[in-house]
Amino acid sequence: MMLSWEQHKILVPPTDDEVAAMVPEDLIALWKTYHEAIANSRRDQYRYGWVLPHWKQADKMLADCRTLLLLGANRSGKTSYGAKAVVRAAMENAGALIYCFSQNQENSVVVQQAAVYEYLPEELKKKATEETHYISFSMQNGFAGNSLVFPNKSRIMFKTYSQFAQNQSILEGMELGAYTPTGANIGAWCDEYLQGMEMLDRLYLRLATRNAKMLLTFTPKDGVTETVRYYIEGAETLENRPAELLGGRMVPYAQRNKEKNAAIIYFHSKDNPWSGYEAIVEQCKAKNDENYTLTAAYGIPTKNYTTRFPNFSKEVNVVPHSAIPHKNVTKYMVLDPAGRKNWFICWVAIDESNCWWVYREWPDSNVGDWAKWRGGKWSNGDGSKGL
C-alpha cells in the first residue's frame, strides 16, 4: 500500500527504510497522527499551532522583564508571536485590558487584527454577541468596534499612533493588564512604533497599577530610532549567534538592559521555517550590502543606514553643566534668524582640542519644544512660535 505524505516545514515523513521496517497497522496510525497534527494546527493555531524555539525564548525574557523589545528580520514571525502572546494573555488573565497599537487603521486591520484573529481559539472565531463576550470579525473591516471581549471579561482594543497624536487623552484613566494574572501579564503591544518616547512614557503609567508588561515589535529598517536607542544603549549582550550570510561572524541574539528593566531579542529570518529564507538570502546577496543583510536577515538596526546622527550617544555626548570647561575656551553665539517666529540661538564653547561644548540654547525647555512629532511627521512646537 502506498501512502502519500503531505510535505511540511517542521514535520518530517518517515524515510523509505523506516516505512519498510514498520508493520502496516503502525504505519497507518503514524500517517493519521501526522496529518491530524497538520490539520489541527490549521484549524486551531492557539492550541495546536507550532511554537517555534525563538518564541519560547521570547516568552522567558518577557517573564523576567517589564518590557520586551523584539527586533525582527524580514519574515521572522514577530507579528505572529505578538498576536499569539496577547491572545494568550487575554485567555489566561481574567478581566485583562490590552491595548494593541499600529501605525494606522489600515495596518491595524490588515496586519495586527488579522493576526490576532488567526490565533483565537477555534470556538471564539464564531460571531458572538452574548452578554459574556463580544467578537465579530471580517477580513474587510477587522473586529467590530476595533475591539473584542472574551468570555472571561478580558478585552483587547486596537488603537493607532495617529489617534494618540491627535488626542493624547485616549490613554487617560486606563488601567492596562490584569489585577490577578495567572499568565504573562501583557498590557500593551506596540507594533512598528516610530515615534519618540512620549507615548510609551504615558503607557508605562497606565501599566503601573496592574504591574503589566509592554511588548514592542519592530522591523528596524529605519535604523536606530529614538525608541530603539533608548532600550539598546547600555544593554548587555547575553547571547550571540553566527550569521552565515556574513561569513559566520557573531551577531547579538539576546540582550538585557537592567537599568530600563527591558529585554531585547533579535528574531532571525532563518528561525522561521515559513520565512521563505532562500529568497531572503538571494536578495541579500544581490544587494551585497552588509548593513542591509544585518537588518533584513538578522533584525539588527545599523546606525549608519538611515540615522541622521549615527555617532550620537547620550552616554558620551550629553554631560552635566558642571563638566563643561570654562577656562581656555573660545565661546561663540550662533543664531538662525526666523522672521516672525522665534530665532534659534545656541552658545558653544570650543576648547584647545577642538571639542565643541553646547552649553546653552534658546528657545529652551522654559519656552517649549522647537518641534513635536505628531501623526508620523514633525510639526511646530511652542518653542518655534513667535513671542
Q) Is it true that residue 86 is assigned to a helix (DSSP H, G or I), β-branched (Val, Ile, Thr) and surrounded by 21 or more Cβ atoms within 10 Å (Cβ to Cβ)? A) yes
Q: Examine segment 206-228 for a residue that is aromatic (Phe, Trp, Tyr) and in contact (Cβ under 8 Å) with a residue 24 or more places away in the chain, and state whether such a residue exists.
A: yes
Q: Name every residue in segment 40-58 that is crowded, with 16+ Cβ neighbours inside 10 Å and under 20 Å from residue 218 (Cα atoms), in order of residue number.
A: 52, 54, 55, 57, 58
Q. Residues 90, 39: which one is among the aliphatic types (A, V, I, L, M) and more than 28 Å from the chain's Cα centre (by Cα)?
A. 39
(Q) Looking at 196, 173, can you tell me which residue is small (Gly, Ala, Ser), more than 18 Å from the chain's Cα centre (by Cα) and open to solvent by 10 Å² or more (accessible area, probe 1.4 Å)? (A) 173
**Q.** Filter pass, residue 178 being touching a strand residue (DSSP E or B) at 6+ places or on another chain (Cβ under 6 Å) and at pLDDT 95 or above
**A.** no
(Q) Can you tell me how many residues within segment 313-340 are open to solvent by 100 Å² or more (accessible area, probe 1.4 Å), among the charged types (D, E, K, R) and under 41 Å from the mean Cα position of the chain (by Cα)? (A) 2
Q: Just give me the residues in segment 69-83 being more than 12 Å from residue 192 (Cα to Cα) and either open to solvent by less than 10 Å² (accessible area, probe 1.4 Å) or assigned to a helix (DSSP H, G or I) (or both), in sequence order.
A: 73, 76, 80, 81, 83
Q.
Which numbered condition in (1) of a type in the set (D, E, K, R); (2) out of contact with any strand residue (DSSP E or B) (no Cβ under 6 Å at 6 or more places or on another chain); (3) modelled with pLDDT of 95 or more is the only one that residue 159 fails?
A. (2)
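For every residue, the table says whether it meets (1) without any contact (Cβ under 8 Å) to a residue 24 or more places away in the chain; (2) of a type in the set (A, V, I, L, M, F, W, C).
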{"site": "146", "(1), (2)": "no, no"}
{"site": "159", "(1), (2)": "no, no"}
{"site": "162", "(1), (2)": "no, no"}
{"site": "172", "(1), (2)": "yes, no"}
{"site": "179", "(1), (2)": "no, no"}
{"site": "183", "(1), (2)": "no, no"}
{"site": "189", "(1), (2)": "no, yes"}
Q: With the condition kept exactly as written, say whether any residue in segment 31-38 is in a loop (DSSP other than H, G, I, E, B) and either open to solvent by 10 Å² or more (accessible area, probe 1.4 Å) or in contact with a Cys (Cβ under 6 Å, 6 or more places away or on another chain) (or both).
A: no
Q.
Out of the helices (runs of 4 or more DSSP H) lying entirely within segment 251-339, which hold 2 or more residues that are at pLDDT 95 or above?
A. 277-287, 290-298
Q | Which numbered condition residue 141 misses (of (1) over 24 Å from residue 263 (Cβ atoms); (2) under 20 Å from the mean Cα position of the chain (by Cα)) | A | (2)
Q.
Please determine whether any residue of segment 235-258 is open to solvent by 20 Å² or more (accessible area, probe 1.4 Å), in contact with a Gly (Cβ under 7 Å, 6 or more places away or on another chain) and without any contact (Cβ under 8 Å) to a residue 12 or more places away in the chain.
A. yes
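The values are calculated or read from the model by the stated rules, or taken from the named source; none is laboratory data. Quantities reported herein were computed from a predicted structural model and do not represent experimental measurements. Glycine also receives a Cβ, built like all others from the backbone with ideal geometry; neighbour counts cover every protein chain displayed. These accessible areas exclude ligands, DNA and RNA; they are computed on the full protein's heavy atoms, side chains included. Shrake-Rupley method; radii C 1.70, N 1.55, O 1.52, S 1.80 Å.
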